[in-house]
Amino acid sequence: MTRGFFSAGPPQDEKHPPRGGSDPRSGRAWGAFFITGTDTEIGKTAITAALTHLAAQSGLRAAAIKPLAAGQDCVDGRWVNEDVLRLRAASNMDLHDDEVGPLQLRTPCAPHIAARLEGRAIARDALLAAVRGVAARADIAFVEGVGGFRVPLVPGWDTADLAVDLGLPVVLVVGLRLGCINHALLTAEAVRARGLRLAGWVANTVDAAMPHVADNLAALEEGLVAPFLGHVPRLPDPSAPAIAAHLPQALALLQAP
């Protein structure tokens, strides 16, 4: 299912952004967003699933795509990635695992390392085509990156380049813990340095005991200069609907120019 996304050849340039869709009730254009984070393990998949759920509940054909997913488990004789399953469940489209996660590697580590360990090379053009193909069928698509904003994929091409090639505005998930202000501001700077728009940001609680949360949020709002989509606390059930309840204005804010 994922063999077509590996090639021994070098990456080639592709600069065509994916087609989007429109709200069937208003005719207003939507499209797609690239979800990145201040680090790994800060809740990108959870927030991506919640945004997808919100869009689906609003009547939009909502797709969640994780172009690269490293780390699979064998369940009932089938190799699956937990994040891919979570994103697929949040969508209201009939998508297969290999459409939500077109490139899935078994080793749970950085994709370029996993690909090397498994004797594979990541093919840029095929990966971009897969993302665009799914996004073109949706009214709105959320494309989740891997790790932070700049994770190497092949020599000369990283996840920041992936976002640029897709031409997508960026949603930043800030993991609330010590050091998050610096990480968030540096990430926002890197996003804008590549000519991409920071469409909004979400504060996701990683350290429930973090002190001075309000002060940190105020500094982030001042420094990021982008719509604040919401603050998600630590939840006993971090399901897509439960998280979405803390992001009630997210779609409206993302649609703002």
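List of remarks:
- Residue ranges of helices (runs of 4 or more DSSP H) in region 172-257 with at least 1 members open to solvent by 10 Å² or more (accessible area, probe 1.4 Å), in contact with a Lys or Arg (Cβ under 9 Å, 6 or more places away or on another chain) and more than 22 Å from His53 (Cβ to Cβ): 180-193
- When region 62-85 is filtered for residues that are of a type in the set (Lys, Arg) and either in contact with a His (Cβ under 8 Å, 6 or more places away or on another chain) or free of Cβ contacts under 8 Å to residues at least 60 places away in the same chain (or both), only Arg78 remains.
- Looking across region 64-104, the residues that are within 24 Å of Asp125 (Cβ to Cβ), in a strand (DSSP E or B) and not β-branched (Val, Ile, Thr) come down to Ala64, Leu68, Ala69, Ala70, Leu103, Gln104.
- Contact annotation: residue pairs with Cβ atoms under 6 Å, 6 or more positions apart or on different chains, pairing a residue in region 197-214 that is closer than 27 Å to Val164 by Cβ with a partner that is modelled with pLDDT under 95 and surrounded by 13 or more Cβ atoms within 10 Å (Cβ to Cβ), are Ala199/Leu254; Gly200/Leu253; Gly200/Leu254.
- Selected residue (only one of Ala141, Ala160 is open to solvent by less than 30 Å² (accessible area, probe 1.4 Å) and in a helix (DSSP H, G or I)): Ala160
- Matching residues, region 32-75, being touching a strand residue (DSSP E or B) at 6+ places or on another chain (Cβ under 7 Å), under 26 Å from Gly179 (Cβ atoms) and of a type in the set (Asp, Glu): Asp39
- Residues of region 40-94 that are open to solvent by 20 Å² or more (accessible area, probe 1.4 Å), among the β-branched types (Val, Ile, Thr) and under 15 Å from the mean Cα position of the chain (by Cα): Thr40 alone.
The values are calculated or read from the model by the stated rules, or taken from the named source; none is laboratory data. Because the structure is predicted, anything quoted here is derived from the model rather than measured. Methodologically, a virtual Cβ is constructed for each residue, glycine included, from the backbone with ideal geometry; neighbour enumeration extends over all protein chains shown. Ligands, DNA and RNA are stripped out before the accessible areas are found, and what is left, the full protein with its side chains, is counted by its heavy atoms. Shrake-Rupley method; radii C 1.70, N 1.55, O 1.52, S 1.80 Å.
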